[in-house]
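A quick write-up on the structure given underneath.
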Amino acid sequence: MIKNGLKLATRLGLRVPQRSFHRSSILTNNLKSTIEKQHEQYHRKMKNLKIERWVFSVVGISALGYGVWYFYWPHHTFPVSVAKILRKGLWAESNKESFNYQKAVEFYINALEECDKVHMNPISDEYTGIELKVAEMYEKLNMFEEANGIYLELLYRFYDALNSPGKVSVEQRPDMIRRDLRVLIKSLEINKDLNVGKRNLLAHLLLAQEEILSRSPELKEFFERRKEKAKNIFQGKALASTDFKTFIDEENIKLNDGGYMILDLQKNSSAWEPFKEEFFTARDLYTAYCLSAKDITAALSCKMTTVEWMVMADMPPGQILLSQANLGSLLYLQGEKFEADIYQLEQRCGEDPSLKKTDVIIKSLRHLHRNRDTCLDMSHQCYNSVVQFAKRNSKLRFNIKDQLDPSVLQAIALSTYGMGVLNLHQGVLVKAEKLLKDSISLARETDFTELLKEAENELQKTSILKTKKQAEQPQPN
Amino acid sequence: MALYTPPDKPSSPRSQRYEAEENKGGNNREQDDIKKFYVRPSLGLRLWGPLVPASDNKMGLWTLIGIQTAIGALCLHRVRVLRASTKFVSKDIANIPSLNIFSKTHGSMVLNPINNSLKKPSSSNSKLTQFFNSPRWSTFKSVAYLLTGTLLLSQSLLEASRLKILKYDPWYEEARSVRDKKFFNDIIQFYHEGIDPAKVKVKDAASGNVMSTNIPEVKQSVALVRAQAEAENPIIKWFGPIEYKPMSFTEYLDRMEYHFDIYDFLQNKRTLKENQQQLNTPIAHTEGELDSIVRHNREVREKTKDLVKNTPAGSIAPSEVGSPGIPLRGIVLDTDQQDVDTIDLNEIWSLYDPWMNLALDTSLSIKFLPTVMAPENQVKQNQNDSQDDHETKTE
């Protein structure tokens, strides 16, 4: 209370001198000076406040401006000297000079040299982009060897950059791996040296795989599961076809309300982004490399993993279907290989009947027979899963032509064809004939010419066998 | 390829049309969406509740951080002002003459330098206003402001460091990938929805004739444009696909921890590999190989320059140059572009981006076609039992 009273008194006291200014005395003058001081202080404070506000708004506006600039200004900028040469190159390459690649390539080479002069980062988008341009021009001028030289240099440079710690920041790595894989695929298309190609494929695929592993606990689980499985096999538990499962079902391939196949938003497949397309293409190329080296086992195990990973990565459904069908083909090839082995062994036994009784031969024959049956059965499962899925799904069954992704239809055609081949192989000729005819009509619809050719060949084989069989059959009467 | 032009107003952006269409019959759908909506995650923007943008919307996140920081700063500023107003200047009574005319006693009293003239005499106020005028209330106020300000600023700092310091952010990656997937799904949906010929007319870019809307290419491009319009929808741009559920905070932390573990492991492995490179059999290219290729490429460049200078135009690959049509992905500049130096390099470069061209080149679809082989043939040949055709997908 006392304090309050004092405050009140002060307040009143302060007002007094303002009102009765003329009654000046030393005392009031004193008081006035105090008040003036206080006012001055107050004004100074207000001034400070104003400046503060100014500073705040200037900082705010500049931050906003920076943000807008950052988001909208193109970051793809070349140094002025390089840009000048590039414009000339683009001009020469365009319709303005009727696509004069010969002139353009010189400009692009000059631009590259200018980049070296200004010490541009050799793994930057700009630098590598110009290199790609040069390679593109080489290709247009039919200088494929020279173009491949550039692709290889790029490939090795990316690999070294990605493999030296600290050179590429974590958030840039996925994009760089995507570029690396693109260059890899391109160089494999031109490359003639199989061994170098395979080595590069393995090294760069491993790099991409490590990147995925670093972001995907699911992939680690996959590896642990596989380790467990390998241990089981090591302990002597044989791999039966019942262990094998296909991935084409409604659980793995999501359908939208209209019944069309879509991607599952809820499945977290971000670890595979953004390079999953390139990654799986490269893996398929590796499978093809293994096949051309006649290593069906390696091709098979690679493809089996690929299909499972494609599901994990939530690839477009058409790709998964096609991959599953391709796996069926590889399994069939493996089955046929076992059959060839059986044939070889039996031939040897035919030459030397005593062999037939040895334990080793009996055991290995039994083993081979079982493996062949398993492979063919698994192959049938692969093809069948695709065909059955297409039958269950009304949109695929009735609107088969109306698919955005051609690989859906191709996968179904390939699976139908594969079923036909399996039946032909087992001698079920009527069924084989029907399936092959189905696949031919499907292949016609998608312009799947390669399949069309093969299917017609197989159909011919079937009809030859059929007439042979009919001729052999004892005629009634 | 066909170019789409809207039927009546050529200048009106199609996105609006479709939005308008969807809004008409979309009330039920909207309700469903709201039911399914999950609050977007963040570290320091939780106070915003359902307004938090998708984690890949950096612009939105920064905007909210900016606003939050501004509010926080304002709070702290209020604290300063409040404190200045409640800061009583303590003075010796002896120095204030009007109170001390007849006395020689000393003692301290407090003065309020700012609010003196503003305050009404306390006698006329009720108890409640008295409370609001009391120093206790202003202390409480300033403490509250202080706490709010600090909280907001620290939260902003947290979120800002998430965006700036974290190199790997599972929420961001998830949101980005979901956005891409949604785009794919939209294209599928719009493609199969088809085009209503009454609403949309498609014209050939070259001849201007109206094209049938049942041609797959036309359906494709219209679906693509509609999906792009859907992605540009402000709500989807802000929140990402509405119906997806972001991962939980625990999973976020788990993934982050996992990433750091594996990343460290891989980095160590790479460092080791670098040190031991000479010992191991090469699994990748060797340094010598790279050097020789670099040297080779340099020579090739010089040679090419010489070659190009000394041969007449079109002599190296005569098939391409001068042929009447436009080659595949050939650069076409505007007719009114007259001067080399006026080319908008950024635009043309990104339109004909070499990396994009490479992506189109490397999009392969590989199929394996088995054929039936009699075992005796297979033993003999043991080759050509498969045909892997590398067929480039054409869009």
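Points worth noting:
- Amide H to amide H distances under 5 Å link A:Ile262 with A:Lys254, A:Leu255, A:Asn256, where only residues 5 or more positions off or on other chains count and H is placed in the peptide plane.
- Size descriptor for segment A:150-266, Kirkwood hydrodynamic radius: 17.8 Å (Cα pairs only, one decimal).
- Projecting the Cα positions of A:Tyr159, A:Ser98, A:Met137 onto the charge dipole of segment A:68-190 (unit charges on Cβ atoms of Lys, Arg, Asp and Glu, taken about the Cα centre) puts A:Ser98 furthest along the positive direction.
- Per DSSP, loop trypsin sites (Lys or Arg not before Pro) in segment B:179-232 with at most 12 further Cβ within 10 Å: B:Lys199
- Relative contact order of segment A:391-477, defined on C-alpha pairs under 8 angstrom at six or more residues apart (%): 24
- Stretchable slack from B:Ser161 to B:Phe37, in nm (0.36 nm times residue separation minus alpha-carbon distance): 42.0 nm
- More than 18 angstrom apart: percent of Cα pairs within segment B:169-247: 49
- Helix content alone sets the calculated 222 nm mean residue ellipticity of chain A: runs of n ≥ 4 DSSP H residues at -39500 (n - 2.57) each, divided across all residues, give -26000 deg cm²/dmol.
- Radius 13 Å from Cβ of B:Pro41, net charge of other residues (Lys, Arg +1; Asp, Glu -1): -1
- A Stokes-Einstein calculation at 4 °C with viscosity 1.567 mPa s, built on the Kirkwood radius of segment A:367-458 over Cα pairs, returns a diffusion coefficient of 95 µm²/s.
- Mean projection of the Cα convex hull over all viewing directions, computed for chain A: 48.7 nm².
- The trypsin sites (Lys or Arg not before Pro) of segment A:281-354 that meet both conditions, a loop assignment by DSSP and at most 15 other Cβ atoms within 10 Å of the site Cβ, are A:Lys294.
- DSSP H segments from chain A that extend 18 Å or more along their own axis, Cα-based, with Kyte-Doolittle mean of 0.0 or above: A:80-93, A:194-213, A:296-312, A:406-426
- Computed over chain A: relative contact order in percent, which uses C-alpha pairs under 8 Å that are six or more apart: 8
- Checking the Cα-Cα distances for A:Lys303/A:Lys337; B:Lys36/B:Lys237; A:Lys434/A:Lys466; A:Lys140/B:Lys303; A:Lys245/A:Lys303; A:Lys133/A:Lys198 against a 20 Å cut-off, the pairs over it are A:Lys133/A:Lys198.
- Applying a DSSP loop filter and a limit of 16 other Cβ atoms within 10 Å to the trypsin sites (Lys or Arg not before Pro) in segment A:179-271 leaves A:Lys192, A:Lys237, A:Lys245.
Rule-based calculations on the coordinates, nothing more; no lab input. Since the structure is predicted, the reported quantities are computational estimates derived from the model, not experimental observations. Neighbour counts are summed over all protein chains in view; Cβ atoms, including those assigned to glycine, are modelled from backbone coordinates with ideal geometry.
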